[in-house]
Amino acid sequence: MDDEALPGEEANAAQRFGKARSARSSAVLEDYTELIADLQAGTGEARTTDIARALGVTHPTANKAIARLKREGLATSKPYRGIFLTEAGQAMAERCRARHRTVVKLLLAVGVPPEAAEIDAEGIEHHVSGATLDAFEAFLRSGR
C-alpha cells in the first residue's frame with residue numbers, strides 16, 4: 001500500500017473511535033435480536049439456554065444481555081415460555097438481516113470466498129454507516 005492519505009483520514013480521531021465503540025455496544029443487541037428472531041421462526045420461542053449455546057456464551061452472560069434488551073424495549077419474556085421480541089426488537093432484527101445480506105453480496109461481488117464473506121460480514125455489518133451501505137447497494141445494482 002502507498003503512503004498517500006485517504007480522503008477524510010485526518011478527521012477527528014476521537015469521533016471515529018467513539019463511533020466504533022458505540023457500534024460495538026450496539027452489535028451485542030443486534031446479534032441477540034437477530035438470533036432471537038431466528039429461534040422464534042424455527043421453534044416458536046427463544047430460550048435463554050438456546051441463545052447462550054448459539055452465541056457461545058455463558059448462561060449469565062446471555063441473561064445480562066437479555067436484561068439489557070428488555071430495558072431498551074426490544075424484548076419481553078414470559079415465565080416458562082422464553083424470550084420474545086417486541087415490535088422494535090423485530091424491526092432491529094430485520095434491519096440487521098438486510099444489512100448483513102447486503103454486505104455479504106458486496107463481498108462476494110468483489111471476489112471474497114463465500115465462507116469468508118459470511119464470517120467477515122458479521123463484523124462489518126455492525127460498523128457500516130448508512131451512507132456506505134447505500135453505496136454498496138448502488139454498486140451491486142450497477143452490476144459492475
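General remarks:
- Of all residues in the stretch 48-86, exactly one satisfies the criterion of being in contact with a strand residue (DSSP E or B) (Cβ under 8 Å, 6 or more places away or on another chain), within 11 Å of L29 (Cα to Cα) and among the small types (G, A, S), namely A75.
- From E125, E87, residue being charged (D, E, K, R), under 13 Å from T33 (Cα atoms) and either open to solvent by less than 40 Å² (accessible area, probe 1.4 Å) or modelled with pLDDT of 95 or more (or both): E87
- Number of the exception - L106 against (1) more than 14 Å from the chain's Cα centre (by Cα); (2) closer than 17 Å to I36 by Cβ; (3) not charged (D, E, K, R): (2)
- In the stretch 90-121, the residues that are without any contact (Cβ under 8 Å) to a residue 24 or more places away in the chain and either in contact with a His (Cβ under 7 Å, 6 or more places away or on another chain) or within 18 Å of G143 (Cα to Cα) (or both): R101, V104, L107, L108, V110, G111, V112, A121
The values are calculated or read from the model by the stated rules, or taken from the named source; none is laboratory data. Because the structure is a prediction, the values reported are computed rather than measured. Reconstructed Cβ throughout: ideal geometry from the backbone, glycine too, with neighbour counts over all protein chains shown. These area figures cover heavy atoms from the full protein model, side chains too; ligands, DNA and RNA do not enter into them. Shrake-Rupley method; radii C 1.70, N 1.55, O 1.52, S 1.80 Å.
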